[in-house]
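Written below as structure tokens is the structure these notes are about.
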Protein chains: 2
Amino acid sequence: MNIYKAHIVFTPQPQRFEIIENGYVVVENGIVQGVYSTLPKELSGMPVVDFGDRLLIPAMNDMHVHAPQFRNQGIAMDLELLPWLNSYTFPEESRYSDTKYAERMYRRFVRELWRHGTMRSVCFATIHCESTRILMNLFKEAGMGAFVGKVDMNRNSPESLTETVADAIRDNECLIAEYNSPGSLVRPIITPRFIPSCTPEMLQALGELARRYQLPVQSHLSENCDEIAWVAELEPESRNYGDAYLRYGLFGQTPTIMAHCVWTAGEELELMKRHDVMVAHCPTSNLNLSSGMATIRTFLNEGVKVGLGSDISGGHDLSIFKMIVYAIQISKMQYCQDKSKPFLTLSEAFWIATKSAGQFFGKVGSFEEGYDFDALVIDDKELNHDNYSLPHRLERYIYLGDDRQIVHRFCKGKEITEPEV
Amino acid sequence: MNIYKAHIVFTPQPQRFEIIENGYVVVENGIVQGVYSTLPKELSGMPVVDFGDRLLIPAMNDMHVHAPQFRNQGIAMDLELLPWLNSYTFPEESRYSDTKYAERMYRRFVRELWRHGTMRSVCFATIHCESTRILMNLFKEAGMGAFVGKVDMNRNSPESLTETVADAIRDNECLIAEYNSPGSLVRPIITPRFIPSCTPEMLQALGELARRYQLPVQSHLSENCDEIAWVAELEPESRNYGDAYLRYGLFGQTPTIMAHCVWTAGEELELMKRHDVMVAHCPTSNLNLSSGMATIRTFLNEGVKVGLGSDISGGHDLSIFKMIVYAIQISKMQYCQDKSKPFLTLSEAFWIATKSAGQFFGKVGSFEEGYDFDALVIDDKELNHDNYSLPHRLERYIYLGDDRQIVHRFCKGKEITEPEV
């Protein structure tokens, strides 16, 4: 059993922060047993790790990130989607046939997630089975949680990133056999790149794989208007983009998360709701690629689950704290255009990044009883130069802070030290 | 004479970066004499300060920042404009009647500008003459350039921030007498807070002051729709918000910079053009306060001058590098809505932040001959983990970097060391 003392801040519900000044969190076998302002009698006398005047908050979850685009982070942002894919994204992903290169880059990627306090992530790898194994092993080695998807694609893709359906299924089966153990922090996820890069046969086979092994699914949905038109052309019998996934068993038949959903509305929104598909909202990516502004307020009103994603390298910033800021800002632009859609408050956006996103991994993202103890200790003394209130200290950390203030990181109860690069 | 060697990057024009790998910049009496890829014969043998594999770029200019709102940076972002002003902004500014408090906070503020590589700024202080002197002296002590405005306001303001016209003019005259020396890096600027907080008598008197001493002017313009409606009510004879300033001699009769201009269009835009009024574009503030998205592309097309401002504490981030990113992102949202308005490229936004903004201070923001040597040395080795090209190194620094990579700062040729707090 471990007992930690600090100023505890988390969001059991979106409407407000739960703040326990000089509170205690009791953790056993990686699971939160309870949070207290005074330690219960039966625990008094137990050793306490006292973090002093620091904040203890849930760790961050990155719900959509392309690990092999790590090298391209923050470059070629002046390009539009197609030339960017063809000149940067695809050539870079092709390099991951080289496992040495993959290991070098993936080590840095995992270290960067760690640096930014992201303890769980939902990753796209590449089509390469061996490189995907390397990434999964690096997450295991680090002790950080991840769903990692070998990417599947067999049309409208460069030759170096095209595979046969049989190869894709065989590789997925290998990874499933090796990694799909219940309770493991690092697990496979079925990952068609998106409808345009997978033939109906591929989609069908992937849907069957998801069903057979009861595996989760991730992909891209309704990111930009040209893409949506393209999908409508490729899948003329589908009622919308989401419906195209649904027909292949890839839209909520098992737990599903879809990145972007910028243009999701009407019937597609209904479908997400009915099939409990989660949105990975990627605000910086949607800005950088001129995709548009996803209406998160509408998703919340409709009860659709939402998490935040960095979407490296469409997004340029791996910090989910910065995604919180951007998510609020985008919602404010929408509020500015339509006052009937209140903007996201700080506690709502924090809840989205932690407890709401965390449910994709199980009981993650809160300090309520039974939750995995995924936590960050924030030493904000540089930012707290004038005796700010606890809510303002958290707000200043989110808006102004960076990795320098994160002094401890925990994933499922275990302190995670800096991964080797 | 000083000769510096590094990878030199700057924007003599918006369309593209000028990049000189392992180039030299020659500086005499704080002024750039020339930039060379090979040192001219007559200079060979002169001592060279070699920055090695680092980038040398123009320093940043913050064209709109409220120095006394430094304490409020990154707090209360969930509030809308009016409660935010009344609960946070005005009470905080009132504290600056206390010169001890002012000095403590202003020291931190100047240090933070320094930390982020901002060597010139255009600041709002408060109505308090003594505190404004403190801020001006701190800039002088640091060696950093600034226009600092004692703020003037005498209506629709809390009592603690209301002054008489006579007092305002007397205080301004004092500051002018003390600081208005030609060639000084720190100079006064006439600063009506905005039309709603100044009576016609105040505006008239300030306009006369600007004309008499040929002083520049700063204020707020067309930030949000309610404000614009309020101004129309208060100034029924003005054709638009800008015209209201113009009638009082505060809109281009002397060099003028107006913050925000989110809703400036049509006749007001024409007026800005005709009177050569510069826009201080504050993208984070406009997002955080749900103000809207200023159409910078239109300003550029029309030949209206633009610079970038952090607008602390409506904005939360003092880094002008981050304002470059946000300015691009906002322009991409507008491009998304109207494809006839190309988004800002990186070189355009960099040019706006440096050479375009810098013209408000004289010849600042470029390394062309005759420009003040305002520069930053960027040590990006942590970001340059895989041998990126120079343009990508700069792009990665702007998108991913922070103050940790700024290893030297120069203002008008002088190396600026960390200001004391």
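Residue by residue, the stretch A:218-229 carries 3J(HN,Hα) couplings of 9, 6, 9, 9, 6, 7, 9, 5, 5, 4, 5, 5 Hz when phi is fed to the Karplus relation 6.51 cos²θ - 1.76 cosθ + 1.60 (θ = phi - 60°); x denotes Gly or Pro. Of the cross-linked pairs B:K150/B:K412; A:K341/A:K363; A:K339/B:K355; A:K332/A:K414; A:K341/B:K100; A:K41/A:K414, those separated by over 32 Å at the C-alpha level are A:K339/B:K355; A:K332/A:K414; A:K341/B:K100. Cβ-to-Cβ counts within 10 Å put A:M63, A:M46 in ascending order as A:M46, A:M63, the fewest first.
For chain B, set up a GNM with springs between Cα atoms under 10 Å and report which of B:A177, B:A59, B:A210 has the largest fluctuation. Checking each option, the largest mean-square fluctuation is seen for B:A177. In straight-distance terms, cross-link reach from B:K273 covers every one of the lysines whose alpha-carbon lies under 18 Å from its own, apart from those fewer than eight places away in the same chain; here that gives B:K305.
As a length-normalised measure over Cα pairs under 8 Å and 6 or more apart, the relative contact order of chain B settles at 21 percent. Using the Karplus relation 6.51 cos²θ - 1.76 cosθ + 1.60 with θ = phi - 60°, the per-residue 3J(HN,Hα) values for the stretch B:171-186 come to 4, 4, 4, 4, 5, 5, 4, 7, 10, 7, 9, x, x, 6, 6, 10 Hz, with x marking Gly and Pro.
Between B:C225 and B:T417, the simple spin-label model (points 7 angstrom out along Cα→Cβ) gives 5.4 nm. Remark: label point of A:R155 defined 7 Å out from Cα along the Cα-Cβ vector; separations to the same position in other copies 6.9 nm, ascending.
Mind pulling up the Rg/Rh value for the protein assembly as shown? Radius of gyration and Kirkwood radius, both on Cα. Kindly include the intermediate steps, with their values, before the conclusion.
Numbers: Rg = 27.6 Å, Rh = 28.1 Å.
Across the protein assembly as shown, the Cα-based Rg/Rh ratio is 0.98.
Along the stretch B:91-104 the Karplus relation, 6.51 cos²θ - 1.76 cosθ + 1.60 evaluated at θ = phi - 60°, assigns HN-Hα couplings of x, 5, 4, 4, 5, 7, 5, 8, 5, 5, 4, 4, 5, 4 Hz to successive residues, with x for each Gly and Pro. Residues A:K273, B:K355, B:K5, ranked from the fewest to the most other C-beta atoms within 10 Å, line up as A:K273, B:K5, B:K355.
Report, for the protein assembly as shown, the % of DSSP beta bridges that are antiparallel, rounded to 5. Antiparallel bridges make up about 45 percent of those DSSP assigns within the protein assembly as shown. May I ask for log10 I(q)/I(0) of the stretch B:62-330 at q = 0.07 Å⁻¹, from a Debye sum over the Cα atoms as equal point scatterers with solvent left out? The Debye formula, applied to the Cα set alone, gives -0.21. Could you give the longest part of chain B that holds none of the GluC sites (Glu not before Pro) found in DSSP loops with at most 15 neighbouring Cβ atoms within 10 Å? Counting only loop sites that pass the neighbour cut-off, the longest clear stretch is B:81-236.
Report, in debye and to the nearest 20, how large the dipole of the stretch A:159-199 comes out about its Cα centre when Lys and Arg carry +1 and Asp and Glu carry -1 on their Cβ. Write down the numbers at each step before the final one.
Numbers: 3 positive and 6 negative charges, 43 e Å.
Dipole of the stretch A:159-199, to the nearest 20 debye: 200 debye.
Among the DSSP beta bridges whose two residues both lie in chain B, what percent are antiparallel, rounded to the nearest 5? So the antiparallel bridges amount to about 45 percent of the total.
Label positions at A:L81 and B:R104, each projected 7 Å from the Cα along the C-beta direction, are separated by 5.3 nm. Over the stretch B:295-421, Cα pairs under 8 Å with separation of 6+ residues give a relative contact order of 20 percent. Counting Cβ atoms of other protein chains within 10 Å of each Cβ in B:279-291 and taking the mean gives 3. Look at A:M1, B:M258 and count the other Cβ atoms within 10 Å of each Cβ; fewest to most, that gives A:M1, B:M258.
Extending 7 Å from Cα along the Cβ direction at B:N29 and again at A:V407 yields two label points whose distance is 5.2 nm.
For A:V151, the residues whose amide H sits under 5 Å from its own are A:A125, A:T126, A:I127, A:H128, ignoring neighbours fewer than 5 places away on the same chain, with H placed 1.01 Å from N. Placing a label point 7 Å from Cα along the Cα-to-Cβ axis, A:P236 is separated from the same position in the other copies by 6.4 nm, shortest listed first.
Excluding same-chain neighbours fewer than eight residues apart, the aspartates and glutamates reachable from A:K322 by a Cα-Cα span under 15 Å are A:D62, A:E112, A:D311, A:E348, A:E395, A:D402, A:D403, B:D317, B:D402. With only Cα atoms counted, the stretch A:72-223 has Rg and Dmax values of 15.1, 43 Å. Overall dimensions of the stretch B:334-420, expressed as equivalent-ellipsoid semi-axes from the Cα gyration tensor (√(5λ), whole Å, largest first), are 26, 21, 11.
For chain A, a Gaussian network of Cα nodes joined below 10 Å ranks A:R212, A:R396, A:R71 by mean-square fluctuation, and the top entry is A:R212. I want the local charge near B:D226. Using Cβ-Cβ distances under 13 Å, sum +1 for each Lys or Arg and -1 for each Asp or Glu among the other residues. For residues surrounding B:D226, the net value is -3.
In the elastic network of chain B, a GNM with C-alpha springs shorter than 10 Å, the most mobile of B:M77, B:M144, B:M272 is B:M77. Across the copies of the chain, A:R108 has label points (7 Å from Cα along Cα→Cβ) spaced 3.6 nm apart, shortest distance listed first.
Take every pair of alpha-carbon atoms less than 8 Å apart whose residues are at least six positions apart; their mean separation over the length of the stretch B:1-146 yields a relative contact order of 21 percent.
Computed from the coordinates by the stated procedures, all read-outs in this text should not be read as laboratory data. This structure is a prediction, so every number in the text was calculated from the model and none was measured. Neighbour counts are summed over all protein chains in view; Cβ atoms, including those assigned to glycine, are modelled from backbone coordinates with ideal geometry.
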